[in-house]
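The values are calculated or read from the model by the stated rules, or taken from the named source; none is laboratory data. Just so it is clear, the structure is predicted and the values come from calculations on it, not from any experiment. Every residue, glycine as well, gets a Cβ built from its backbone with ideal geometry; the counts of neighbours run over all protein chains shown. The accessibility values were calculated without ligands, DNA or RNA, using every heavy atom of the protein model including side chains. Shrake-Rupley method; radii C 1.70, N 1.55, O 1.52, S 1.80 Å.
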Amino acid sequence: PHSAAPSSTTSTAPARTMPANALHNACAAKDWKEATRLAAVRSGAGAGGDAPTLCREPDAQGNEPLHLALVYGAPADVVRALLAARPGAARVTNHAGHLPLHLSVRNAAPREVVALVLAANRSPPVA
């Protein structure tokens, strides 16, 4: 019998599950203005948690907001905002073992986006 888990080898969006938080929801809805706003929020004001917490929280497939932003085609300014809020996100794998860099290439992200993720992936870990 086959597992009900979605295939992790396709370039399609993650299985539709309840987003883990408002930032996941904004990325899944391609609401880039809201995603940028939520990534910039500090100390929980208006976001139900601080930006680093929102950016660290994975969904059911282990995707952090950066993963979802790349799957859904976020523009460079959104990717830049997510990386500024959580610099280490580029080095986090989801449950399928994919780094954000893998998802950016798999989903044909613009060169500028791939370069941002690649540069963040090479950066030393930030505490």
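Structure values in brief
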read-out: Sole residue being open to solvent by 40 Å² or more (accessible area, probe 1.4 Å) and farther than 16 Å from residue 22 by Cα, chosen from 57, 112; value: 112
read-out: Per-region count, the range 20-37, residues at pLDDT below 95 and either touching a Gly at 6+ places or on another chain (Cβ under 7 Å) or in a loop (DSSP other than H, G, I, E, B) (or both); value: 3
read-out: Residue match in the range 89-106 (condition: within 16 Å of residue 33 (Cα to Cα), open to solvent by less than 50 Å² (accessible area, probe 1.4 Å) and not in a loop (DSSP other than H, G, I, E, B)); value: no
read-out: Matching residues, the range 65-88, being touching a Lys or Arg at 6+ places or on another chain (Cβ under 9 Å), open to solvent by less than 10 Å² (accessible area, probe 1.4 Å) and not hydrophobic (A, V, I, L, M, F, W, C); value: 65
